Amino acid sequence: MIVAIGTDHAGFPIKEVIVGAVRALGHEVVDCGAATVIPGDDYPDYAEKVAHTVIQGRADRGVLMCGSGVGASVAANKFVGIRAALCHDTFSAHQGVEDDAMNVLCLGARVVGPALATEIVAAFLRATFTEAERHRRRVAKIQEFERRP
């Protein structure tokens, strides 16, 4: 699997841990920035880069980090085809993929430490969409929302 990763200055402290965890699980990383800490940079810029990487098929999933994870989640969900969620526990990370076809995981680096973040990312990447009829129906309804003005 190819995983796009992006973070602003606030999420940067856990970036290398997450990149390492993704690679340790056997996945490829597309680095969407930031390459260094840039004080005052804006999480929507990285959400856009990760979202476009996923939408264009250059990555299968994405991981976004900011201080709380909330802003990254809000920004990523503005892109058609992105189903992003803020997860601070492993259950939500795998359940979001299994039931809701979540394709972008958002983390708050000021909320979870590196060890828990690694476990959350692993749960997210190991999960697969169940394809159960009820879940396909619900995701289809979400996709219909995206087609409406």
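The values are calculated or read from the model by the stated rules, or taken from the named source; none is laboratory data. Just so you know, these numbers come straight off a predicted model, no measurement behind them. Here the Cβ positions follow ideal geometry from the backbone for every residue, glycine too, while neighbour counts run over all protein chains shown.
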Filter result (of a type in the set (Ser, Thr, Tyr) and either surrounded by fewer than 19 Cβ atoms within 10 Å (Cβ to Cβ) or in a strand (DSSP E or B) (or both)) within the range 69-117: Thr90, Ser92
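Counting only residues that are hydroxyl-bearing (Ser, Thr, Tyr) and farther than 24 Å from Cys66 by Cα, how many does the range 90-149 have? Please lay out each step first, then the result.
First, pick out the residues of the range 90-149 that are hydroxyl-bearing (Ser, Thr, Tyr): 90, 92, 118, 128, 130.
The next check asks that each one be farther than 24 Å from Cys66 by Cα; those that pass are 128, 130.
The total comes to 2.
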Which numbered condition Gly67 misses (of (1) touching a His at 6+ places or on another chain (Cβ under 9 Å); (2) farther than 17 Å from Met1 by Cα; (3) free of Cβ contacts under 8 Å to residues at least 40 places away in the same chain): (3)
Pairs with Cβ under 6 Å, 6+ apart, first in the range 125-146 and under 14 Å from Arg83 (Cβ atoms), second of a type outside the set (Val, Ile, Thr): Ala127/His94; Ala127/Glu98; Phe129/Ala101; His135/Asp99; Val139/Ala101
Sole residue being over 22 Å from Glu131 (Cβ atoms), surrounded by fewer than 22 Cβ atoms within 10 Å (Cβ to Cβ) and at pLDDT 95 or above, chosen from Asp42, Asp8: Asp42
Single condition Ala109 does not satisfy, out of (1) among the hydrophobic types (A, V, I, L, M, F, W, C); (2) over 26 Å from Thr130 (Cα atoms); (3) free of Cβ contacts under 8 Å to residues at least 60 places away in the same chain: (3)
